[in-house]
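For reference, the structure discussed in these notes is given below.
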Amino acid sequence: MDINSIQVQAESDLAKITSAQALEEARVKYLGRKGLIAELTSSIPGLAVEQRGIFGKQVNALKHKLLGLLAEKEKTLKTKSSVLKKNNLDIGMPGIAQELGHIHPITQIIDEICAIFNRLGFSVVQGPEVETEYNNFTGLNIPLEHPSRDAFDTFYLKDYAKLLLRSHTSPVQVRVMKTREPPLAMVVPGRVYRPDAVDASHLFMFHQIEGFLVDENIRFSDLKGILELFAQSVFGQDIRMRFRPHFFPFTEPSVEVDISCIICKGKGCSVCGAKGWLEILGAGMIHPNVFKQVGYGHKIYTGFAFGMGVERIAMLKYGINDIRLFFENDLRFLKQF
Ligand code: DAH
């Protein structure tokens, strides 16, 4: 190898070096007793006398150049390792793996229920959590001075007397029907608010899913069929249903719907309070006054509506006895779903 190519080779070797051991190997390769420089030096006696002086000087210059490069490399390696030591940094240590999150159990149930109704031809719509007093009450046949309003009492927005946090998802019925004509089949998931004292079964905020279907010739038996399909999809094929007469201002007739207790299968246990039945939702045929409010008064439509509490469905499905668990963000609880 000639002087020039040795220098080029040495520079590229040194650039790749990252450890003290590799540095020592390079030193031996170039400057060791049997290294390349020694080889060049030993070739001097074989040269013509007049070349020896010039060649010797060139070899010497290369040797000093290489010594300088090696010393420089040694310095950078040392400062690198001392920085690592000073910071107590172990670059061989594996990183901290990011934990993957997952969908909240309440959102999972909402998605599951909406998917069931989707397959039955219902679309999913949403409405605002800040609602007008009209949509939350009056439009749903809940007169402002009527005692039936107490059941749906809510938080009003200060300085905006006619705006409130919706106390149910039913006002979305009014919103949709005011702007669209039947046939309509919708489910409406979302948050609702009530000034309830917090305990194992009450929160001031929870989730509901409203559903409604409006067309010509819709009958109560359509409601029964749809709800039975829904309950069996969520709770299992052997679930039975019961419709109890009830009162809601926005439906007539109105019912509360029970399923046979998923724990005792109807025999009676502590979960169902020895009744054998668990209430899961309210429903009924949409009241003619609601149709009047949304401008369907003169038409021939009929329809049904229902509303359920999502937390209640999730608690029944998974055997959870305290609603607060859903919102405490305790990962030991949430990771189970
Ligand atoms: N909005 C009712 C509530 O919050 C639930 C409900 C009952 C909705 C009957 C309906 C219905 O659409 O028909 O308690």
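The values are calculated or read from the model by the stated rules, or taken from the named source; none is laboratory data. If you're wondering where the values come from, they're calculated on a predicted model, not measured in any experiment. Here the Cβ positions follow ideal geometry from the backbone for every residue, glycine too, while neighbour counts run over all protein chains shown. These accessible areas exclude ligands, DNA and RNA; they are computed on the full protein's heavy atoms, side chains included. Shrake-Rupley method; radii C 1.70, N 1.55, O 1.52, S 1.80 Å.
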Would you confirm whether any residue within segment 85-106 is part of a helix (DSSP H, G or I), at pLDDT 90 or above and open to solvent by less than 50 Å² (accessible area, probe 1.4 Å)?
yes
Given (1) more than 30 Å from Gly297 (Cα to Cα); (2) out of contact with any Phe, Trp or Tyr (no Cβ under 9 Å at 6 or more places or on another chain); (3) open to solvent by 40 Å² or more (accessible area, probe 1.4 Å), index of the condition Gly236 fails:
(3)
Return the pairs, sorted by first residue and then second, in which the second residue is within 16 Å of the ligand (Cβ to nearest atom) and not in a loop (DSSP other than H, G, I, E, B), the first residue lies in segment 309-321 and is over 14 Å from Leu281 (Cα atoms) and open to solvent by 70 Å² or more (accessible area, probe 1.4 Å), the beta carbons are less than 8 Å apart, and the residues are 6+ apart or on different chains.
none
Note down all Cβ pairs under 9 Å where the first residue falls in segment 224-250 and is under 22 Å from His287 (Cα atoms) and within 16 Å of the ligand (Cβ to nearest atom), the second is part of a helix (DSSP H, G or I) and at pLDDT below 95, and they're at least six residues apart or on different chains.
Phe247/Ser148; Phe248/Ser148; Phe248/Ala151; Pro249/Ser148; Pro249/Arg149; Pro249/Ala151; Pro249/Phe152
Here are Ser254, Ser260: which of them is within 16 Å of the ligand (Cβ to nearest atom) and more than 29 Å from the chain's Cα centre (by Cα)?
Ser254
Let me spell it out: the conditions are (1) in contact with a Phe, Trp or Tyr (Cβ under 7 Å, 6 or more places away or on another chain); (2) open to solvent by less than 20 Å² (accessible area, probe 1.4 Å), and Val198 meets all of them except one. Which number is the exception?
(2)
Scan (1) within 13 Å of the ligand (Cβ to nearest atom); (2) over 16 Å from Gly282 (Cα atoms) for the single condition His207 breaks and write down its number.
(2)
